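In what follows, a single structure is set out as structure tokens and then discussed.
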Amino acid sequence: MMSIKETMLSIVALGGVNEIGKNMYVVQYADDIVVIDCGSKFPDESLLGIDVIVPDISFLLENQDKVRALVVTHGHEDHIGGIPYILKQMNMPIYATGLTLGLIEGKLREHGLLRDSELHHINSDSEIDLGSMTLSFFSTNHSIPDCLGIAFHTPEGTVVHTGDFKFDLTPVNEQYADIHKMADLGKNGVLALLSESTNAERPGFTPSERLVGEHIEEAFIKATQKIFISTFASNVHRLQQVIDAAVKTNRKIALLGRSMVNVVSIASSLGYLKMAEEMLIEATEVNKYEPHRIVVLCTGSQGEPMAALSRLASSNHRQVEVLRGDTVILAATPIPGNERNVARIVDNLFELGAKVIYGSGTVTGMHVSGHASQDELKLMLTLMKPKYFIPIHGEFRMMHQHRLLAEAVGVESDNIFILKNGDVVDIQNQVASQSRKIPTGNTLVDGLGIGDVGNVVLRDRKHLSEDGILIVVITLSKADGKILSGPDTISRGFVYVRESEGLIEEVNRITVTEVQKLLEENVSQWNVYKQSIKESIGRFLFAKTKRRPMILPIIIQI
């Protein structure tokens with residue numbers, strides 16, 4: 001007989017709730033763990049020097065022997081961006097569709113991990129057995145091809161994870177959402193549904209991607225000079241629409257931005273982008289063609305400072321420039337928090353004399369969301385008819401709205417769980433409860449370091465960025481303790497030494513006084529000397545400047 005714990009079904013959020021990004025979820029039955037997605041997200045301005053944030057996998061590391069696989073729903077960064085960093089800590093088989101697998105392979109190759117990785121190709125008709133669970137899949141629509149929802153068939157019941165989705169009835173790539181398979185899952189009984197909440201605040205249906213293609217083509221026909229169009233590199237549907245419009249208006253395409261080049265290369269080689277080889281030109285060749293023959297497809301639609309569009313807007317790109325009369329199209333809506341950066345770029349482009357098409361996709365027609373709005377979320381809930389519902393993938397307000405939608409279509413309010421990262425929903429004998437939590441958080445990536453930058457380092461970086469540093473160097477004699485040289489004071493980010501000679505002289509005087517006092521008292525511990533110097537100088541500088549620089553005393557004994 002198995003114990004209660006051994007027959008329990010557990011669902012865990014390791015990332016992706018109360019936030020946008022770094023999606024990672026876990027379904028566990030008995031001694032079998034399956035991980036869903038492994039995303040990343042970009043840091044805010046408080047995380048100085050941090051490149052990217054990935055999920056904390058302490059729970060998985062403690063249970064390595066139970067982890068059967070990582071199953072990936074689609075190829076966006078918030079679902080695959082953390083994979084190379086996580087695989088450096090623990091290896092696991094990866095299951096994904098064609099394009100998603102191609103994008104993952106590119107990342108693993110870049111990190112030198114491809115040779116040691118176990119990758120499996122799946123599609124919507126696949127069935128895989130992972131211990132006590134059998135996984136089946138269904139096609140969904142999103143802003144990237146090859147997206148899947150996942151059904152976990154367990155002895156306790158069926159758990160469904162939708163992945164990112166919308167119901168686009170006229171998809172540009174003719175990959176239709178498999179509504180029949182979704183309905184069959186609901187007919188056979190869904191114990192728990194995990195469904196994305198990104199657009200839970202938006203009423204109605206999300207428009208079809210096909211509408212964007214019509215607006216892009218119209219803008220291409222009207223443009224009289226070069227066209228620059230910036231979008232998410234991973235939005236392969238949008239890239240195809242740009243290619244199609246370029247063909248119809250007899251324009252060549254140049255790519256700017258490493259991620260854009262990578263995605264176009266991978267998607268083309270796998271057959272997800274259809275483009276004649278002669279359509280593509282190098283950025284260095286742009287000026288060899290007449291302006292009305294050129295389209296530049298670039299990264300930077302979110303105002304990223306180092307991306308191609310930002311450098312074009314500030315006339316800092318080495319190979320291509322935006323000239324008066326050129327058309328610039330931002331085929332993406334700014335993610336909340338990026339509005340200021342995007343506005344600055346738009347201002348700069350207008351100053352250069354460009355015609356700029358920007359703003360909300362509903363206004364310009366140049367962008368539609370890849371996520372389900374309220375009526376589509378209700379449709380998914382109605383198809384699945386879950387006993388228990390867990391909204392995922394969104395800020396708290398989005399998940400709260402999704403909860404209200406679920407209640408409106410008949411899910412009992414007591415059967416809905418809004419989680420925080422680390423929360424666990426346990427289901428035993430068809431009864432669910434959320435009473436335990438596992439340790440989780442953010443793993444910060446800085447350069448080659450994964451998780452080696454913590455609160456202390458970030459606090460020091462913040463301190464340095466706000467008040468600078470003052471380094472005081474003094475050399476003492478080992479024989480008699482007398483001061484042989486110094487003190488020498490170095491200021492970085494605090495005051496300009498040549499204009500603050502009086503202040504620096506007083507700092508040096510305080511240093512000498514403190515050292516002599518401690519020598520007379522026969523104090524031998526250097527940490528006492530350093531702490532005394534720091535405190536005395538700190539009090540003096542705050543009284544004089546109302547600033548608290550980081551003070552670093554260095555005592556050398558020879």
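Just one residue in the set Arg251, Arg238 is touching a Phe, Trp or Tyr at 6+ places or on another chain (Cβ under 9 Å), charged (D, E, K, R), farther than 26 Å from Gly102 by Cα and outside the structural domain of Asp78 (by TED's automatic domain parsing); that residue is Arg251. Could you please find all residues in the range 497-525 being closer than 11 Å to Ile474 by Cβ and among the hydrophobic types (A, V, I, L, M, F, W, C)? Result: Val512, Val515.
Annotation: Thr73 fulfils all but one of (1) in a loop (DSSP other than H, G, I, E, B); (2) among the β-branched types (Val, Ile, Thr); (3) over 24 Å from Gly149 (Cβ atoms); the unmet one is (3).
Test Asp32 against the criterion of being of a type in the set (Asp, Glu), surrounded by fewer than 24 Cβ atoms within 10 Å (Cβ to Cβ) and modelled with pLDDT under 90, and give yes or no. It is false that Asp32 is of a type in the set (Asp, Glu), surrounded by fewer than 24 Cβ atoms within 10 Å (Cβ to Cβ) and modelled with pLDDT under 90. Among the residues examined, Ile345 qualifies as surrounded by 21 or more Cβ atoms within 10 Å (Cβ to Cβ), within 25 Å of the chain's Cα centre (by Cα) and within 19 Å of Ile227 (Cβ to Cβ). Looking at Leu211, Leu191, just one residue is at pLDDT 95 or above and either of a type in the set (Val, Ile, Thr) or surrounded by fewer than 22 Cβ atoms within 10 Å (Cβ to Cβ) (or both), and that residue is Leu191. Being modelled with pLDDT of 95 or more and assigned to a helix (DSSP H, G or I) is a description that applies to Arg403.
Of all residues in the range 421-450 being within 30 Å of Ala30 (Cα to Cα) and not in a strand (DSSP E or B), which is modelled with the lowest pLDDT? Of everything passing the filter in the range 421-450, Gly441 is modelled with the lowest pLDDT.
In the set Ile253, Ile294, only one residue is at pLDDT 95 or above, touching a Lys or Arg at 6+ places or on another chain (Cβ under 8 Å) and aliphatic (A, V, I, L, M); that residue is Ile294. Here the strands (runs of 3 or more DSSP E) wholly within the range 146-264 that include at least 3 residues being hydrophobic (A, V, I, L, M, F, W, C), in contact with a helix residue (DSSP H, G or I) (Cβ under 7 Å, 6 or more places away or on another chain) and under 17 Å from Ile329 (Cα atoms) are 227-230, 252-256.
Among the residues of the range 260-293, those that are among the small types (Gly, Ala, Ser) and in contact (Cβ under 8 Å) with a residue 60 or more places away in the chain comprise Ala267, Ser269.
Okay, residues lined up against (1) buried (at least 19 other Cβ atoms within 10 Å of the Cβ); (2) modelled with pLDDT of 95 or more; (3) in contact with a Lys or Arg (Cβ under 6 Å, 6 or more places away or on another chain):
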| site | (1), (2), (3) |
| --- | --- |
| Leu113 | no, no, no |
| Glu127 | no, yes, no |
| Met133 | yes, yes, no |
| Thr140 | yes, yes, no |
| Thr154 | yes, yes, no |
| Tyr176 | no, no, no |
| Met182 | yes, yes, no |
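Out of curiosity, is Gly257 without any contact (Cβ under 8 Å) to a residue 12 or more places away in the chain and under 30 Å from Glu174 (Cβ atoms)?
no
Whenever a residue of the range 542-558 is of a type in the set (Val, Ile, Thr), its partners that are surrounded by fewer than 14 Cβ atoms within 10 Å (Cβ to Cβ), lying with C-beta atoms within less than 6 angstrom and at least six residues away or across chains, give the pairs Ile555/Trp526. Taken over the range 301-345, the criterion of being on the phi > 0 side of the Ramachandran plot and modelled with pLDDT of 90 or more is satisfied by Ser315, Gly325.
The values are calculated or read from the model by the stated rules, or taken from the named source; none is laboratory data. Predicted model, so just to flag it, every value in this text is computed and none were measured. Every residue, glycine among them, receives a Cβ derived from its backbone with ideal geometry; neighbour counts consider all protein chains shown.
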